[in-house]
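In what follows, a single structure is set out as structure tokens and then discussed.
Any read-out appearing in this document is the output of simple, stated calculations on the displayed coordinates, not a laboratory observation. For clarity, every value in this text was computed on a predicted model and none was experimentally measured. Ideal geometry is used to build each Cβ from the backbone, glycine not excepted, and the neighbour counts take in all protein chains shown.
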Amino acid sequence: MAELLFRLGRWSAQHAWRVVVGWIVILAAAAGAFLGFGGTLATGFNIPGTETERVSAQLADTFPELTGASASVVFQTADGTKFTAEQQHGVADLLQEVGTIDGVASTTDPFTMTAMREQPAPDTTDQQVPTDPAQLENAKKLAEYGSNFRVISDDGSTAVGLVQFNDSMFALTDELTAQGRAVLDDADIAGVTVDYSSTIITSADGIFGFGEVAGLIIAALVLILMMRAFLPMVTPLISSIIGVGTGVAGSMAFSDVFEMTIVTPVLAVMLGLAVGIDYSLFILNRHRRQLRTGMSPVDSIALANGTAGNAVVFAGSTVVLALVALVVTGIPAVTGMGIVGGVSVTIAVLIAVTFTPAVLGLMGLRALPKKARANITNSANKTITTSAVTPMSTGRAILIAVLTAAALLVIAIPALSMRLGLPDGSSEPTDTTQYRAAKIIDQEFGPGQNGPLLVVATTKAPVAPADQMTAQVDMATTIHDQEHVSAVAPVAISDDCTVFAFQVVPDEGPSSESTQQLVHDLRDLTPVSLAGQDDVTIGVAGTASGNIDISEKLSDALPIYLTVVIGLSLLIMIVVFRSILVPVIATAGYILSLFAALGTVTAIFQFGWFSSLFGVHDPGPVLSFAPIIIMGVLFGLAMDYQLFLVSGMREAFIHGDTARQAVVAGVHAGRTVVTAAAIIMIAVLGGFIFSEITMIRPLGMGLATGVLFDAFIVRLLLIPALMHLFGTTAWWLPKWLERILPNVDVEGARLERTHTTHQ
């Protein structure tokens, strides 16, 4: 691989304009594919095989009108008084206009709905108005059970209209929701404000905001301080931007083929920017070191590509493997994130070993500052070596190892109490309509109405028409008797009279522990004797139920995925470093930094510690897929830093330094570039902490803090201390294993020796 990259680097430098123009053409093609074929991004997840999906499929067959996505439209008088007749007509007209949009199945006017409820009417079975005492008592019970399900507030100043779509939330198009937003945003009802729930917000607007720009500015400043020249400073930035554009646009062109959420392109942007800058920086830094020895630009570019570029290819491969391994979750959307992220990292690697050498070829000696160009030693054959160093003291190594491990373990403690969930409207920025809608519903109608459940009771035999109201009451009573139930309202009965649907409003919001417990309690009722029949099955669907199922499935997948990642880590490190103990140390360090990152995310987003600093106004469960994404991405990045630092230790050890001298030599050789790369990574990833897209914030926090802990505490402090304490034992490898392991020469040491020999 090193020899191939050496030749590729030389060719790219000698045919620089071809390479540069080629990548611009590829970027343009990806953009064109996105504009021509880009489809819909979902705001939620769809997991096959869950109980919610089973019930949803049953509802699709029985009550197709109930399976489409629904949205709440909140109307509130500006002065807090009751709606006037004119304002009520305005609300009705607005909802009627929304109902004319292609893709909207129906709308519900809250005032008409309330008026109908207050009038005697036939029940959902189309029976006549009950006249006998038993029937009247049943009707009274149903009304009592549903009394807390209201669409007009007690003071009459707030009303909630409903919009029912034909398609599920995962199939809503940007065009459809954009039409809905346009109608609602243009509403002009005198004295009435209009807000709507997050279902109508499917746009990925805000994918790149102020925080992300600030991160790039910090990255540029770090590069300026490191390079002290403009051209080498902009090279990693341009490389990363081209890579991100190509990867994201190309992937988005397949959004109609594969299930993608609004998080998917943002994750690709995060990874593309971060690793794109870092990988280009590694090659650029090696090239500049060689230029200072007098090596010709083309020879230096080729050698840098064959050595540092070889390490980049390996490092990128670890990130890609970790991302692709997300397939073990069995969740299409998460798998899609992994694949798109893997594609973005692959493109970043390809750009690093082709585009970067091409740009460096155009730069020539201008890759160095003017002062450095004047001080070139003109010793092209000089080999870059490390001078003799003094090892750290054993006492210092013990102190560093104990303190760093203890600090990370303390930071990780909140992770022991981590709860997983998906954000609701209350997690959105406070100036958004979906946040206002969620808060108004919470205050005026109770938090449970932000996440109602759809409960389905299925009987084995049809219920006779005369017994249907009694059966509804029996079922509703059983549901209402469960803890944490605020209201139960009958919704529909199937044509064959075997399926009864109810809307259930929990006491608390959709992400609360009580709602999660209620879902499990209702499901645990199955089988139950109801309505004079045995073995009645109870199923639960709805957005809140689906989110609970997703969170639990992801929680169950975490140990499996962590096992896969740890196994990959050990195997890769054994091959690279030809050691047993070094991979164990590297993996243990990764686990410490991972759980410290998860502890930080839990403390801020779930516990609310220091929440005001990061714009977390309503703490709640940690984003359900955040831990597994952080786990995969951080693994790849941790292996990057391990490679660039410990490979230097191995080279020093092989070339005659003592094991403890080699530790210090390796740190000295790699700390500058690792420090710069880590600061850039933290700046870029940290910019996403303040993203306008709520689901991105915990990812940005977890990855930024994970890099902080892993680079500066684990790789630069803990690992050197442990390597010092183990001494020569760290490089022990059984003879039988040494014979069968391939020598990957990830740093291209053989290539460097061959090149310098033949100069």
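Packing-based ranking of 273-286, 175-188, 718-731 yields 273-286, 718-731, 175-188, ordered from highest to lowest mean Cβ neighbour count within 10 Å.
Each peptide in 530-536, 496-502 was scored by the mean count of other Cβ atoms within 10 Å over its residues; highest first, the order is 496-502, 530-536.
Applying D = kT/(6 pi eta Rh) to the stretch 257-311, where Rh is the Kirkwood radius over alpha-carbon pairs, T corresponds to 20 °C and eta to 1.002 mPa s, the Stokes-Einstein value obtained is 165 µm²/s. For Ile262, the residues whose amide H sits under 5 Å from its own are Ala42, ignoring neighbours fewer than 5 places away on the same chain, with H placed 1.01 Å from N. Computed on the Cα atoms alone, the convex hull of the chain gives a volume of 170 cubic angstrom per residue. How many angstrom lie between the Cα centre of the stretch 519-555 and the Cα centre of the stretch 655-715? Value for the Cα centre distance between the two parts: 45 Å. The long axis of helix 133-145 is offset from the longest Cα principal axis of the chain by roughly 30 degrees. Each peptide in 260-266, 220-226 receives the mean, over its residues, of other Cβ atoms within 10 Å, and ordering these scores from highest gives 260-266, 220-226.
Within the same chain, lysines fewer than 8 places from Lys371 are excluded, and of the rest, those with a Cα less than 25 Å from its Cα are Lys382. This model, with +1 at the C-beta of Lys and Arg and -1 at the C-beta of Asp and Glu, gives the chain a dipole about its Cα centre of some 6740 debye.
Compute the long axis of helix 16-37 from its Cα atoms, compare it with the longest principal axis of the Cα atoms of the chain, and write down the angle in degrees, 0 to 90, nearest 10. Orientation of helix 16-37: about 10 degrees from the principal axis.
Of all lysines in the structure, the ones whose alpha carbon falls short of 29 Å from that of Lys553, not counting any fewer than 8 places away in one chain, are Lys439.
Distant-in-sequence amide contacts of Val192, defined by a placed amide H-H separation under 5 Å and a gap of 5 or more residues or a different chain, comprise Ala78.
Between the helical axis of 332-363 and the longest alpha-carbon principal axis of the chain there is an angle of about 30 degrees.
Under the Kirkwood approximation applied to all pairs of distinct alpha-carbon atoms, what is the hydrodynamic radius of the stretch 440-516 in Å?
About 13.2 Å, per the Kirkwood formula over Cα pairs.
Sequence-ordered 3J(HN,Hα) estimates for the stretch 79-96 from the Karplus curve with 6.51, -1.76 and 1.60 and θ = phi - 60° stand at 9, x, 8, 5, 5, 7, 4, 5, 5, 4, 5, x, 4, 4, 5, 5, 5, 5 Hz, glycine and proline given as x.
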